[in-house]
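Trainee: Quick one: the structure is below, questions incoming.
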């Protein structure tokens, strides 16, 4: 059988729309998920046992179950429980935001933990009040240290976003599968889809390494 | 100073401190320090020297005892509830420099220096920056104002750390093994800065392993071992002809290793 | 809204069968990943570019594309490209196994490169030859160091295995989808299935946490 990659070109507009949906979904959930993850990360190091327990259960549960199951649950169960119709996009955003919140909270927690106790000694010796310790010394360092891992969390989210195709959202993967089924040319179409994901994700993973090196160089004391 | 000549600057009374139930680090320490004194604390590792400084800075809880500064008690522990009470207002008169620099790595040199004056005392940024720049010039760091800690050598970092502590106009400086982490060729530049401060009669308490430095800077030397003061006197006596057996042993061993 | 819960209508028979399939997929994929990941790690560290570059491309491709794309691609394209069809279970194992192999190769590589330079210097100073240094210094240290990541990756593939439901392998997720549709009980079914996945994953992640804490204690 001869392979004919020009088939793909005929569907470039549809694929572009699908890619746009994938990117849109990823960007929205990066912003929402990182914000959620930041507060969950703080809650996990909080002094309140209640906050710690609730945030731990949330994180462990979302890290301990397949994203596909989470997605199905949000798509099929959440509307029943809430008694409202959720649009596809809304369900996708909720599911992937919760996923992203769980993994980035671990990133923030690890970066908070990596700030040595001697930094706090210095704060005390300079007489800095608690509020200033947190806003001027701890948080800026924690965020800076978190940046490389957050970037690689974003790559993970970008990849996991392909799962929404399984619940009928018209993202890149969904469009690709549709075209592949209709044209009976899976080799050409699916390979191109895989390559599109690759050319976006690969440079990002390289960027992670570069950013990591820069952050480490800056924070090395 | 408003107090009379003989009034102590620091008065440490029967200080006890332990880590957990079995490790007693300070076993009833009594020290009085007069204004203008430069006290060097020497002694074997684990003898409680660094713990003493950390307690004076309010970084460690204590089991019992009290510390006063300029006549005002600022650290005490009531035996009843074992809670360490710290008067942070008084504590602000004390500055401390640590072995591992502890500069804030995300801030440049000037930002490190002006953070506390601006945030604690509400000083405006322009005047704090001006004072910081002057201090850096004095310590030979004028060109490094906008460098980040990672771009500095160990000796430069430690000089910045000293400048940072001085920005709050401390009435007493604590130096906790500030040259121990440095490469040998960088030790002198840091010690020069401390000697400069000594020349201006800054009261200080120094923990160090460098006996040459101890001899040069001390107006008084305390030998601390096993959580108590073993010997206390002028440097010529404690370092030169110690009275106590344990001090003699220690001094001999230290100097033996150096030759 | 009045959704009445009814967990009794969820029949556990199919779910149990699905879980067995999921576990089989996981174990088989892990055998491939743990065993073949190591030689792959050696390939991506090779000094010889014609060996290193294809190996790196293989690893990066699996790491930089969605697992669902890999699995769908594998099921549709491999039979057409190579004119074979191996049965859906075998295909599932291969797709997951190759994915895990790529991730584990990275874990091994990181662990090998993390062996401190001084350890090797000490080996040279003791007169060990390169093979001996690899066998007695690099391997034991690296394998031990990579265990937490291998476990994490292994449990990751347990979760990723839910994706084969999309290409009709009758795993836990597949059974859940069927059951939810047949019984009109999505909440009960998907909740139970989520809990089953969690019940397997959570203890393993706790073990990983324990190993990492112990390692940090030993290093300090």
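Trainee: Return one number: the angle in degrees, 0 to 90 and rounded to the nearest 10, between the long axis of the Cα atoms of helix C:49-63 and the longest principal axis of the Cα atoms of chain C.
Mentor: 30
Trainee: So which residue, out of A:107, A:149, A:205, gets the largest mean-square fluctuation from a GNM of chain A using Cα contacts under 10 Å as springs?
Mentor: Maximum among the listed residues: A:205.
Trainee: Report the relative contact order of chain C, percent, no decimals, based on alpha-carbon pairs under 8 angstrom and at least 6 residues apart.
Mentor: That works out to 31 percent.
Trainee: With equal scatterers on the alpha carbons only and no solvent term, can you work out the Debye log10 of I(q)/I(0) for chain B at 0.09, 0.16 1/Å?
Mentor: Once normalised to I(0) and log-transformed, intensities are -0.41, -1.27.
Trainee: Relative contact order for the stretch C:91-211: what is it in percent, counting Cα pairs under 8 Å that are at least 6 residues apart?
Mentor: That works out to 26 percent.
Trainee: Can you pull the three principal axis extents for the Cα set of the stretch B:193-237, in Å, largest first?
Mentor: That gives 32, 19, 17 Å along the principal axes, largest extent first.
Trainee: Cut-off 10 angstrom, C-alpha nodes, Gaussian network model of chain C. Which of C:109, C:63, C:47 fluctuates the most?
Mentor: C:47
Trainee: Can I ask one more? To the nearest 500 deg cm²/dmol, what mean residue ellipticity at 222 nm is calculated for the protein assembly as shown from DSSP H runs of n ≥ 4 alone, each contributing -39,500 (n - 2.57), summed and divided by the residues? Working shown, then result.
Mentor: Values: 27 runs with 426 residues, N = 700.
Counting only the DSSP helices, I get -20000 deg cm²/dmol.
Trainee: If you don't mind, there's one more thing I want to ask. If I take R0 = 51 Å and measure r between the Cβ atoms of residue B:183 and residue A:9 in this structure, what FRET efficiency does the formula 1/(1 + (r/R0)^6) give, to the nearest 0.05?
Mentor: 0.20
Trainee: Be a star and scan the stretch B:21-61 for residues whose amide nitrogen sits under 20 Å from the point 7 Å along the Cα-to-Cβ vector of residue B:245.
Mentor: Within reach of a label on residue B:245, which here means backbone N under 20 Å from a point 7 Å along Cα→Cβ, the stretch B:21-61 contributes B:43-45, B:47.
Trainee: Take peptide A:125-134, look around each residue's Cβ out to 10 angstrom, count Cβ atoms belonging to other protein chains, and average those counts. Spell out each step's value before the answer.
Mentor: Values: counts 19, 15, 14, 4, 3, 0, 1, 5, 1, 0.
That works out to 6 on average.
Trainee: Modelled label-to-label distance, residue A:156 and residue A:182, 7 Å Cα→beta-carbon offset: nm?
Mentor: 3.5
Trainee: Roughly what would the spin-label model give for residue B:146 and residue B:255, points 7 Å off Cα along C-beta, in nm?
Mentor: Spacing of the two 7 Å Cα→Cβ label points: 5.1 nm.
Trainee: Something else about it: If you take each beta carbon of peptide A:55-68 and count the beta carbons of other chains within 10 angstrom, what is the mean? Mind showing how you got there, number by number?
Mentor: Details: counts 0, 0, 0, 0, 0, 5, 6, 2, 8, 14, 13, 16, 6, 12.
Whole-number average of other-chain Cβ neighbours for A:55-68 is 6.
Trainee: Okay, next question. Of all alpha-carbon pairs in the stretch A:6-219, indicate the percentage at a distance above 26 angstrom.
Mentor: 46
Trainee: Further question: Given the options B:43, B:20, B:226, state which has the largest fluctuation in a GNM of chain B using a 10 Å cut-off (strictly under) for Cα springs.
Mentor: Residue with maximal mean-square fluctuation among B:43, B:20, B:226: B:20.
Trainee: Then there is this: How tilted is helix B:154-166 with respect to the longest principal axis of chain B? Cα atoms for both, answer in degrees (0 to 90, nearest 10).
Mentor: 90
Trainee: Across peptide A:186-199, how many C-beta atoms of other chains are within 10 Å of each residue C-beta, on average?
Mentor: The mean count of partner-chain Cβ atoms within 10 Å per residue comes to 5.
Trainee: Roughly what would the spin-label model give for residue B:30 and residue B:138, points 7 Å off Cα along C-beta, in nm?
Mentor: Spacing of the two 7 Å Cα→Cβ label points: 3.7 nm.
Trainee: State the volume of the convex hull built on the alpha-carbon positions of the stretch A:106-171, expressed per residue in Å³ and rounded to an integer.
Mentor: 95
Trainee: Within the stretch B:46-64, whose backbone N sits under 19 Å from a point 7 Å along Cα→Cβ of residue B:82?
Mentor: The answer is B:55, B:59-64, whose backbone nitrogens lie closer than 19 Å to the label point.
Trainee: By what distance, in whole Å, do the Cα atoms of the stretch B:113-217 stretch along each of the three principal axes, largest value first?
Mentor: Answer, in whole Å and largest first: 42, 31, 19 Å.
Trainee: Another one. At a temperature of 10 °C and a viscosity of 1.306 mPa s, determine how fast the stretch C:10-219 diffuses translationally according to Stokes-Einstein, using the Kirkwood radius over alpha-carbon pairs as Rh; express D in µm²/s, rounded to the nearest whole number. Show your work: numbers first, answer last.
Mentor: Values: Rh = 19.1 Å.
Roughly 83 µm²/s, to the nearest whole number.
Trainee: Now, a different point. How big is D for the protein assembly as shown, in µm² s⁻¹ as a whole number, if Stokes-Einstein is applied with the Kirkwood radius of its Cα pairs at 4 °C and 1.567 mPa s?
Mentor: 43
Trainee: Relative to the first principal axis of the alpha-carbon coordinates of chain C, what is the inclination of helix C:139-160, with its axis defined by its Cα atoms, in degrees from 0 to 90 and to the nearest 10?
Mentor: The answer is roughly 20 degrees.
Trainee: A further question on this structure: Mind listing P(r) for the stretch B:138-185? All alpha-carbon pairs, 10 Å bins, whole percents.
Mentor: For the stretch B:138-185, the pair-distance distribution reads 22, 53, 24, 0.
Since every read-out is calculated from the coordinates, none of them should be taken as a lab result. These numbers were taken from a predicted model, which means no experiment stands behind them. Reconstructed Cβ throughout: ideal geometry from the backbone, glycine too, with neighbour counts over all protein chains shown.
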